[in-house]
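Report on one structure; see the data block that follows.
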Amino acid sequence: MNKAAFFDRDGTINVDTGYLYETEKLKFIPGVPELIKKYNDEGYLVIVVTNQSGIARGMFTVEQMERFNEYMNSRLQNEYGAHIDAFYYCPHLPEITGECDCRKPKPGLFLRAIHEHDIDPAQSVSYGNSERDKMASFAAGIHDYRGVDQL
Ligand SMILES: [Zn+2]
């Protein structure tokens, strides 16, 4: 089984400017790219788990979000020698698209990643900046949760 370091995206990896999809607005939170590199080097899968309700709200498309994620990964690679192995996102918003099982604090995104990458949650760690990140991590069996203020 694999071990993984899970990261929330907005407000954890990058400065949260609100419904972010424009690549030119990407600004890394100091120390986080280096932390991702450390997990790369230690043999962890690095997986981003992110709520992206801007898709349900019609503020940006899945393609625009994917372009942003690819840009983030290319900058991590080029500037820090780091990389993210996979991105998991929830495009929903209950008020618009109905309930789903993936929007944090629900654990659906974590559970899907754990299943698809044969991850042992007990050997894994999760970084976030909100109570919903913590709740989703715990519900998926990842008890090593760290807030970004602990970086
Ligand atoms: Zn969802």
(message) For Lys3, give me every one of the aspartates and glutamates with a C-alpha distance below 18 angstrom, ignoring sequence neighbours fewer than eight places off in its own chain.
(response) Asp41, Glu42, Asp85, Glu116, Asp118, Asp120, Asp144
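Counting only protein heavy atoms, what percent of the accessible surface of region 4-150 is carbon or sulfur at a 1.4 Å probe?
Numbers: 3340 of 6930 Å².
Answer for region 4-150 is 48 percent, counting heavy atoms of protein chains only.
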(request) Would you kindly work out the equivalent ellipsoid of the chain from its C-alpha gyration tensor and give its semi-axes, the square roots of five times the eigenvalues, largest first in whole Å? (result) 21, 20, 13
(request) Go through region 33-83 and name the trypsin sites (Lys or Arg not before Pro) that are in a DSSP coil and have 16 or fewer other Cβ atoms within 10 Å of their Cβ. (result) Arg57
(request) Hey, can you find the accessible area per residue of region 1-141 for me, probe 1.4 Å, expressed in square angstrom? (result) 47 Å²
(request) Report relative contact order for the chain in percent, whole number only (criteria: Cα-Cα under 8 Å, sequence separation at least 6). (result) 28 percent
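Calculate how many DSSP beta bridges within the chain are antiparallel, expressed in % of all such bridges and rounded to the nearest 5.
Numbers: 1 of 18 bridges.
Restricted to the chain, the bridges split so that about 5 percent are antiparallel.
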(request) Name the long-range amide H neighbours of Phe7: under 5 Å, sequence gap of 5 or more, or other chain; modelled H, no Pro or chain starts. (result) Ile47, Val48, Val49, Tyr127
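The values are calculated or read from the model by the stated rules, or taken from the named source; none is laboratory data. All of these numbers come straight from a predicted model, not from anything done at the bench. Neighbour counts run over all protein chains shown; Cβ positions are idealised from the backbone, glycine included. The accessibility values were calculated without ligands, DNA or RNA, using every heavy atom of the protein model including side chains. Shrake-Rupley method; radii C 1.70, N 1.55, O 1.52, S 1.80 Å.
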